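Below is one structure, written out as structure tokens; comments come after it.
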Amino acid sequence: MDDTTSTAPLRALVLCCTLKATPAPSSSELLGRRVLSALEEHGVQGTLVRVVDHHVAFGVSTDEGDGDEWPLIRRQVLDADILVIATPIWMGQPASVCKVVLERLDAELGETDDEGRMPTSGKVAGVAVVGNEDGAHHVSAEVFQALSDVGFTIPANGVTYWVGEAMQSTDYQDLDPEPEKTAGTTKTLAANAAHLARLLRGSAYPA
């Protein structure tokens, strides 16, 4: 690792897996942006990509061709130190867009550097979940397991979430002020992710 890399600001990427295309309001995007704001307090620069705004083909390779825009998103994933998956809950499951993202990340299992490590090795991942019924623990468990499989490291308290009362219409973006517990877990996620990312940048996993 050169001095430029070691002293450069940490970078974060939020992949927002809402089913809604821009400019429709999205609770997943709102929570994802709040994670970015919390990360900024720890010197982390970040961006958010709403995946559904891009043509991401079904598949498990790094490039499915025929206009597939995943390679552009993948480049941002590999350039980031921290990846956050922000997803709504639908029928107790991560959104279909989230599952497409995880399937595309499966390709990293077959990509290694000169020392045999996946390109995601040493990168930290967090999860942000919103929904109008219970299921945040199940969704985060599914996403964490997949991210760990493809090389990401999960920090302690690596998820923030909000779930409303079942069968009701209130959405996360309708809440003002934001629930104190969600705001607190967002700050904890950001602090732990930034801390772990700095440690891994300074001391890579063994080859």
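Before moving on, here are some points about what is shown:
- Residues in the stretch 124-137 carry Karplus couplings, in order, of 9, 10, x, 9, 10, 10, 10, x, 9, 7, 4, x, 4, 5 Hz; the curve used is 6.51 cos²θ - 1.76 cosθ + 1.60 with θ = phi - 60°, and Gly or Pro positions show x.
- Theoretical gain in end-to-end length, Asp134 to Leu78 [0.36 nm per residue, Cα-Cα removed]: 16.9 nm
- In the stretch 78-131, GluC sites (Glu not before Pro) in a DSSP loop with at most 10 other beta-carbon atoms within 10 Å: Glu115
- Fluctuation leader among Gly46, Gly122, Gly164 - the chain, Gaussian network, Cα springs under 10 angstrom: Gly164
- Share of Cα-Cα pairs in the chain lying beyond 30 Å, as whole percent: 18
- Straight Cα distances below 15 angstrom link Lys20 to the aspartates and glutamates Glu29, Asp53, Asp171, with same-chain residues fewer than 8 positions distant left out.
- Computed about the Cα centre, the dipole magnitude for the chain is approximately 420 debye when only Lys and Arg (+1) and Asp and Glu (-1) carry charge, each at its Cβ.
- Spin-label pair Ala141/Glu103, simplified geometry with 7 Å Cα→Cβ offset, distance in nm: 2.3
- Rounded to the nearest whole Hz, the Karplus-based 3J(HN,Hα) values (6.51 cos²θ - 1.76 cosθ + 1.60, θ = phi - 60°) of the stretch 79-90 follow the sequence 7, 8, 8, 10, 10, 10, 9, 10, 9, x, 9, 10, with x at glycine and proline.
- For the pair Glu115 and Asn157, a Förster radius of 35 Å applied to the C-beta separation gives a FRET efficiency near 0.70, rounded to the nearest 0.05.
- In the stretch 64-207, Cα pairs under 8 Å separated by at least six residues give a relative contact order of 25 percent.
- What the chain shows is 49 Å² of accessible area per residue, with the surface traced by a 1.4 Å probe over protein heavy atoms.
- GNM top mover of Asp149, Asp176, Asp63 - the chain, alpha-carbon springs below 10 Å: Asp176
- Around the amide H of Val84, modelled in the peptide plane, lie the amide H atoms of Leu13, Val14, Leu15, Gly126, all under 5 Å away and 5 or more residues distant in sequence or on another chain.
- In sequence order, calculated HN-Hα J values of the stretch 202-207 (Karplus, 6.51, -1.76, 1.60; Hz; x Gly/Pro): x, 8, 5, 4, x, 5
- The chain, helix-only ellipticity at 222 nm - DSSP H runs n ≥ 4, -39,500 (n - 2.57), divided by all residues, nearest 500: -11500 deg cm²/dmol
- For the stretch 67-175: rounded, prolate or oblate by the Cα gyration tensor [a/c cutoff 1.5]: prolate
- DSSP beta bridge pairing in the stretch 1-123, given as percent antiparallel to the nearest 5: 15
- With K and R counted +1 and D and E -1, the other residues having a Cβ less than 9 Å from that of Ser27 yield a net charge of -3.
- Between the stretch 79-144 and the stretch 15-55, the C-alpha centres lie 14 angstrom from each other.
- Neighbour-limited loop hits for trypsin sites (Lys or Arg not before Pro), the stretch 60-108 (at most 14 other Cβ within 10 Å; DSSP other than H, G, I, E, B): none
- Ligands, DNA and RNA left out, the 1.4 Å accessible surface of the chain is 52% carbon and sulfur atoms.
- Between Gly184, Gly151, Gly126, the GNM of the chain built on Cα springs shorter than 10 angstrom shows Gly184 fluctuating the most.
- DSSP bridge pairs, the stretch 60-192: antiparallel proportion in percent, nearest 5: 15
The values are calculated or read from the model by the stated rules, or taken from the named source; none is laboratory data. Remember, predicted model here, so these are calculated numbers, not experimental data. Quick reminder, even Gly has a Cβ in these numbers, built from the backbone with ideal geometry, and neighbours come from all protein chains shown. Areas reflect the complete protein model, heavy atoms only, side chains present, ligands, DNA and RNA absent. Shrake-Rupley method; radii C 1.70, N 1.55, O 1.52, S 1.80 Å.
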